[in-house]
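Notes to accompany the following structure.
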Amino acid sequence: MVQLFFISGDPKGSAVLAANLIDRPEIASDLIEICKRESRCKPIKIHAIDSWAAPRVYDKQVERGVLNPACQHKSQGWSTRGAFGLIAAYHMHYLPSIPCVPPRVFDVPLISAIVAAKKYERLCLKVARNAWCPDYIKPLEEDRV
């Protein structure tokens with residue numbers, strides 16, 4: 001149990017553990033690449049550069065019924081958070097349906113890594129990849145026609 005606690009505070013160790021927890025050990029290196037890009041694999045909280053988006057993403061997710069304004073308050077920091085660069089408001093659906101989870105849950109490297117692993121599995125293992133994926137190549141304008 002002590003080892004699990006130690007690993008859960010380290011984003012790289014959390015990436016390896018998360019990949020194994022979802023039975024996809026082969027994605028651990030890609031999760032570490034995402035971590036390096038998003039935070040230099042340091043346990044961080046709110047990404048200051050994206051904090052401007054917090055009110056907007058919060059409002060969208062309240063409107064969609066994902067966030068509960070009675071207990072999940074707008075001022076809590078719903079934009080990009082944690083070592084894996086996840087927008088808190090847009091990633092709550094990856095967590096179990098526990099009511100009123102605050103966005104700071106994504107500041108915990110192991111939780112953020114598990115959500116990142118699930119997101120990777122959904123978006124990065126497909127042919128149509130997402131810009132969050134580590135080897136995403138932006139399509140040229142003529143390719144979009």
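Net charge near E121, counting Lys/Arg +1 and Asp/Glu -1 over other residues with Cβ under 10 Å of its Cβ?
It works out to a net charge of +4.
Roughly how many whole Å is it from the C-alpha centroid of the stretch 60-81 to that of the stretch 19-44?
26
For the chain, with a Gaussian network of springs between Cα atoms less than 10 Å apart, report the residue from A54, A83, A116 with the top mean-square fluctuation.
A54
When the chain is treated as a GNM, springs tying every alpha-carbon pair under 10 Å, which of Y58, Y120, Y94 comes out with the largest mean-square fluctuation?
Ranking Y58, Y120, Y94 by mean-square fluctuation puts Y94 first.
Per DSSP H run of at least 4 residues, take -39500 (n - 2.57); add these up for the chain, divide by its residues and hand me the 222 nm value, nearest 500 deg cm²/dmol.
After summing the helix terms and dividing by the residues of the chain, the value is -12000 deg cm²/dmol.
Report the calculated FRET efficiency for L123 and W52 (r = Cβ-Cβ distance, R0 = 35 Å), to the nearest 0.05.
So the FRET efficiency works out to roughly 0.90.
Find which of H73, Y90, P109 sits farthest along the positive direction of the dipole of the stretch 2-144, computed with +1 on the beta-carbon of Lys and Arg, -1 on that of Asp and Glu, about the Cα centre.
Looking along the dipole axis, the top candidate is H73.
List the lysines whose Cα sits under 17 Å from the Cα of K126, skipping any in the same chain fewer than 8 residues away.
K118, K138
Read the figures in this text as sums done on the coordinates, not as results from a lab. None of these values were measured; they are calculated from a predicted model. Positions of Cβ are generated from backbone atoms using ideal geometry, with glycine treated the same way; all protein chains shown enter the neighbour counts.
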